Amino acid sequence: MMIALWIVLGVIVVVAGWLILTYNGLILSRNRTDEAWSVIEVQLKRRYDLIPNIVETVKAYAQHEEGVFTKVTQARSQAMQATTPEAHAQAENALSQTLKSLFAVAESYPALQAAGNFLHLQQELADAEDKIQASRRFYNGNVRDFNTKLQVFPTNLIGNLLGFKKYAFFDAPDIVNEPPQVKF
């Protein structure tokens, strides 16, 4: 009788220990994913802060391109208001397209291309884009790991029981081989 009690107690301790480790592992993974998302938000904010300076610099040289400036400003505003990774992905895609149009306009003005301020802003934006890509890879790696934990047995039982939800990937595909459309 005493041996059976010790065996039952031992099983309870092992199961409780496993539950605690599994729960803590899910919490750790969720927190890493949240942290990775906050890094993306920091880099996006940096990008959003650069855009008005670029627009103002180009405006000084190309005052009759108001439509392009309006589109960039609207795309920036929509991107800043996005709340989910999916919404951010769509908004960032639209913003990237309008920035391509802005830089296509800038190429039409050699004096602007030679301006030190514009070149510095372009370099800052390129640096921000690189950091956003790196942050996106980091975030998506954490999302992959977290979602995998929620899908594999037996962690999926605990995750579902405790209400953990999958994260969405931040996919903002780079559109290549599409020249920007510039209309005068």
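Tally Lys and Arg at +1 and Asp and Glu at -1 over the other residues with C-beta under 10 Å from the C-beta of PHE170: what net charge comes out? Please report the intermediate quantities before stating the final value.
Numbers: positive: ARG136, ARG137; negative: GLU86, GLU92, ASP171.
Here the count lands on -1.
Can you return the lysines within cross-link range of LYS166? Criterion is Cα-Cα under 24 Å, with same-chain partners fewer than 8 residues away left out.
Straight-line reach from LYS166, under 24 Å: LYS149.
Once the Cα atoms of helix 2-61 and of the chain are each reduced to a long axis, what angle between those two axes, in degrees from 0 to 90 to the nearest 10, is obtained?
Here the helix axis deviates by roughly 0 degrees.
Determine, for HIS88, HIS120, the number of other Cβ atoms within 10 Å of each Cβ, and report the residues in order from fewest to most.
The most exposed by this proxy come first: HIS120, HIS88.
Assuming 0.36 nm per residue, please report the length gained on full extension of the stretch ASN156 to GLN74 beyond their Cα-Cα distance.
On the way: separation 82, 0.36 × 82 = 29.52 nm, distance 4.19 nm.
Between ASN156 and GLN74, full extension yields 25.3 nm more.
Just the ratio, please: alpha-carbon radius of gyration of region 4-71 over 2.2 N^0.38 Å, N its number of residues. Walk me through the numbers on the way to the answer.
On the way: Rg = 27.3 Å, N = 68, 2.2 N^0.38 = 10.9 Å.
Ratio of Cα Rg to 2.2 N^0.38 Å: 2.50.
Report, ordered by chain and residue number, the lysines lying within cross-link reach of LYS71, taken as a straight Cα distance under 18 Å and ignoring same-chain residues fewer than 8 apart.
LYS59, LYS100, LYS183
Extending each Cα 7 Å along its Cβ direction at GLU86 and VAL14, get the distance between those two points in nm, one decimal.
4.3
For TYR48 and TYR23 in the same chain, what is the full-extension length gain: residue separation times 0.36 nm, less their Cα-Cα distance, in nm?
Working: separation 25, 0.36 × 25 = 9.00 nm, distance 3.72 nm.
Residue separation times 0.36 nm, minus the Cα-Cα distance, leaves 5.3 nm.
Readers should treat all values here as calculations from the given coordinates under stated rules, not as data from a laboratory. Please read all numbers here as calculations on a predicted model, not as lab measurements. Heads up, the Cβs are rebuilt from the backbone with ideal geometry, glycines too, and the neighbour counts pull from every protein chain shown.
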